[in-house]
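The values are calculated or read from the model by the stated rules, or taken from the named source; none is laboratory data. What you see is a predicted model, and the numbers here were worked out from it, not measured in a lab. Please note: Cβ atoms are built from the backbone with ideal geometry, for glycine as well, and neighbour counts cover all protein chains shown.
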Amino acid sequence: MAQEIEHKFLVLDDSYKREAYHSYHIRQGYLTSGGGRSVRIRTRDGEAFITVKGPSMDGGLSRYEFEQPVPLDDARYMLDHLCEPGIIDKTRWLVRCGEHTWEVDEFHGDNEGLVVAEVELRAADEHFDLPPFIGRRVTGERRYYNSQLRRQPFKSW
């Protein structure tokens, strides 16, 4: 089973941009979301994926996740015509720190001004280093989930 284990944090400043080794644009929408489960469509760098996520466990630290590639034209159609209202638009920055790669998401559109960072782990008790731009831990806080940000965007907080 594919299990995602990650910690999520707010970001203090834009120093992650200088430390990033790569960035790319993401558009994602939800075919369905609710009850902690979701089916997501995402495009990035000319590729597209469908992802099924189960409910969060361990206080939001882990959940089951299954991802498969889909044709880009199909994904664009689903984003434009089949997804629930509220498309997530963001730039993802990749930053190495210690043994891990941090994913820093800079949101656009209705979520402009929100920047969060995640680190994915192999085990819940795995040690990880914090980059200097990391702020408050928000792991398990539902309002920071992308599926929630499409319903209650950052601009409405």
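Of the residues making up the stretch 23-45, those that are over 18 Å from Phe107 (Cβ atoms) and in a strand (DSSP E or B) are Leu31, Thr32, Gly34, Arg37, Val39.
Is one or more of the residues making up the stretch 5-13 in contact (Cβ under 8 Å) with a residue 40 or more places away in the chain and β-branched (Val, Ile, Thr)? Among the residues of the stretch 5-13, at least one is in contact (Cβ under 8 Å) with a residue 40 or more places away in the chain and β-branched (Val, Ile, Thr), which makes the answer yes. If you go through the stretch 36-66 and keep only what is modelled with pLDDT of 90 or more, under 17 Å from Ala2 (Cβ atoms) and surrounded by fewer than 14 Cβ atoms within 10 Å (Cβ to Cβ), you end up with just Phe66.
Cβ separations smaller than 7 Å between residues 6+ apart or across chains give the following pairs from the stretch 125-154 residues that are in contact (Cβ under 8 Å) with a residue 40 or more places away in the chain to residues that are of a type in the set (S, T, N, Q) and crowded, with 17+ Cβ neighbours inside 10 Å: Gly140/Ser56; Asn146/Gln28; Ser147/Ser33; Ser147/Ser38; Leu149/Asn111; Pro153/Asn111; Phe154/Asn111. Considered as a group, the residues in the stretch 98-133 that are within 16 Å of Gln148 (Cα to Cα) and β-branched (Val, Ile, Thr) include one that is nearest to the chain's Cα centre (by Cα), and that residue is Val116. Contact map, the stretch 72-92: first residue in a loop (DSSP other than H, G, I, E, B), second residue at pLDDT 95 or above and of a type in the set (Phe, Trp, Tyr), Cβ cut-off under 6 Å, separation 6 or more or different chains; pairs are Cys83/Tyr30; Glu84/Tyr30.
Scanning the stretch 111-157 for residues that are among the acidic types (Asp, Glu) and over 18 Å from Gly60 (Cβ atoms) returns Glu112, Asp129. Here Tyr64 clears all of (1) over 18 Å from Ala117 (Cβ atoms); (2) in contact with a Phe, Trp or Tyr (Cβ under 8 Å, 6 or more places away or on another chain) except the condition numbered (2).
Would you call Glu67 without any contact (Cβ under 8 Å) to a residue 60 or more places away in the chain, out of contact with any Asp or Glu (no Cβ under 9 Å at 6 or more places or on another chain) and not aliphatic (A, V, I, L, M)? In short, no. Flag: Gly98 matches the condition of being surrounded by fewer than 19 Cβ atoms within 10 Å (Cβ to Cβ), without any contact (Cβ under 8 Å) to a residue 40 or more places away in the chain and not aromatic (Phe, Trp, Tyr). Being charged (D, E, K, R) and either within 15 Å of the chain's Cα centre (by Cα) or closer than 15 Å to Asn146 by Cβ (or both) is the filter here; which residues of the stretch 16-35 pass it? Of everything in the stretch 16-35, just one residue is charged (D, E, K, R) and either within 15 Å of the chain's Cα centre (by Cα) or closer than 15 Å to Asn146 by Cβ (or both), namely Arg27. With respect to the stated conditions, Leu72 is modelled with pLDDT of 95 or more, among the aliphatic types (A, V, I, L, M), more than 20 Å from Arg151 (Cα to Cα) and touching a Ser or Thr at 6+ places or on another chain (Cβ under 9 Å). The residues of the stretch 46-71 that are assigned to a loop (DSSP other than H, G, I, E, B) and of a type in the set (Val, Ile, Thr) amount to a single one, Val70.
Put simply, of His81, His108, His127 the only residue that is at pLDDT 95 or above and surrounded by 12 or more Cβ atoms within 10 Å (Cβ to Cβ) is His108.
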